[in-house]
1. Going by the conditions given, is residue 3 at pLDDT below 95 and either part of a loop (DSSP other than H, G, I, E, B) or touching an Asp or Glu at 6+ places or on another chain (Cβ under 9 Å) (or both)?
2. If I ask for residues that are without any contact (Cβ under 8 Å) to a residue 40 or more places away in the chain and within 11 Å of the chain's Cα centre (by Cα), which ones from segment 85-106 would you list?
3. Could you grab the pairs with beta carbons closer than 6 Å, sequence gap of 6+ or different chains, first residue in segment 46-63 and closer than 13 Å to residue 99 by Cα, second one surrounded by 10 or more Cβ atoms within 10 Å (Cβ to Cβ) and of a type in the set (S, T, N, Q)?
4. Being farther than 15 Å from residue 27 by Cα and of a type in the set (Gly, Ala, Ser) is the filter here; which residues of segment 45-72 pass it?
5. Tell me yes or no: at least one residue of segment 46-57 is touching a Phe, Trp or Tyr at 6+ places or on another chain (Cβ under 6 Å), crowded, with 18+ Cβ neighbours inside 10 Å and of a type outside the set (Asp, Glu).
6. Could you run through segment 61-99 and say how many residues are in contact with a strand residue (DSSP E or B) (Cβ under 6 Å, 6 or more places away or on another chain), among the hydrophobic types (A, V, I, L, M, F, W, C) and under 19 Å from residue 47 (Cα atoms)?
7. Can you find a residue that is surrounded by 12 or more Cβ atoms within 10 Å (Cβ to Cβ), touching a residue at least 60 places away in the same chain (Cβ under 8 Å), touching a His at 6+ places or on another chain (Cβ under 9 Å) and not aromatic (Phe, Trp, Tyr) anywhere in segment 7-26?
8. Of these, 38, 27, which one is within 18 Å of residue 83 (Cα to Cα) and among the polar types (S, T, N, Q)?
Amino acid sequence: MTEETPFSHIVNGDISADIVYQDELVTAFRDINPQTPTHILLVPNKVIPTVNDVSADDESTMGRLIVVAQKLAQDEGIADDGYRLIINCGDHGNQEVYHLHMHLMGGRPLGPMLTRKQTD
């Protein structure tokens, strides 16, 4: 059995969150520490720890994450100007909660993905 996570507790209704979408596969809720005017987390209802743990059985869920992100971008009024979808994976990817999640971020220009690092 997969370990419970803060996100699975939100999915199950054990922890309160500002849920903006939920169906049988995916739940989306506003980030409690938003980094952009629109910052929504989308999670599979099933706990999948990282992208490395996604299996062929999860293809419909992963596709649903993208489709729901596109719908929410439209609903939030950020689709036309653009937005960013981010999935962090593992320690080097700075994943903080080991329940796969995608950040939908927008509402202002976001700049480059990473700050360019000077090489020696």
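The values are calculated or read from the model by the stated rules, or taken from the named source; none is laboratory data. Bear in mind that the values here come from a model prediction, so they are computed numbers and not experimental data. Don't worry about glycine lacking a Cβ; one is built from the backbone with ideal geometry, like all the others, and counts go over all protein chains shown.
1. Details: at pLDDT below 95: yes; either part of a loop (DSSP other than H, G, I, E, B) or touching an Asp or Glu at 6+ places or on another chain (Cβ under 9 Å) (or both): yes.
Yes, satisfied.
2. Within segment 85-106, the subset without any contact (Cβ under 8 Å) to a residue 40 or more places away in the chain is 85-89, 91-94, 96.
Those that are without any contact (Cβ under 8 Å) to a residue 40 or more places away in the chain and within 11 Å of the chain's Cα centre (by Cα): 85, 86, 87, 88.
3. If the second residue must be surrounded by 10 or more Cβ atoms within 10 Å (Cβ to Cβ) and of a type in the set (S, T, N, Q), the pairs left are 47/2; 47/5; 47/8.
4. 55, 56
5. Here is the first cut: in segment 46-57, the residues touching a Phe, Trp or Tyr at 6+ places or on another chain (Cβ under 6 Å) are 49.
Among the residues that remain, those that are also crowded, with 18+ Cβ neighbours inside 10 Å are: none.
Taking every residue of segment 46-57 in turn, none turns out to be touching a Phe, Trp or Tyr at 6+ places or on another chain (Cβ under 6 Å), crowded, with 18+ Cβ neighbours inside 10 Å and of a type outside the set (Asp, Glu).
6. Of the residues in segment 61-99, 5 are in contact with a strand residue (DSSP E or B) (Cβ under 6 Å, 6 or more places away or on another chain), among the hydrophobic types (A, V, I, L, M, F, W, C) and under 19 Å from residue 47 (Cα atoms).
7. If we filter segment 7-26 for residues that are surrounded by 12 or more Cβ atoms within 10 Å (Cβ to Cβ), which is where we start, we get 7-11, 15, 17, 19-22, 25-26.
Then drop every residue that is not touching a residue at least 60 places away in the same chain (Cβ under 8 Å), which leaves 7-8.
From the residues that got through so far, the ones that are touching a His at 6+ places or on another chain (Cβ under 9 Å) too are 7-8.
Now drop any that are not not aromatic (Phe, Trp, Tyr), which leaves 8.
Yes: one or more hits.
8. Only one candidate passes the filter, namely 38.
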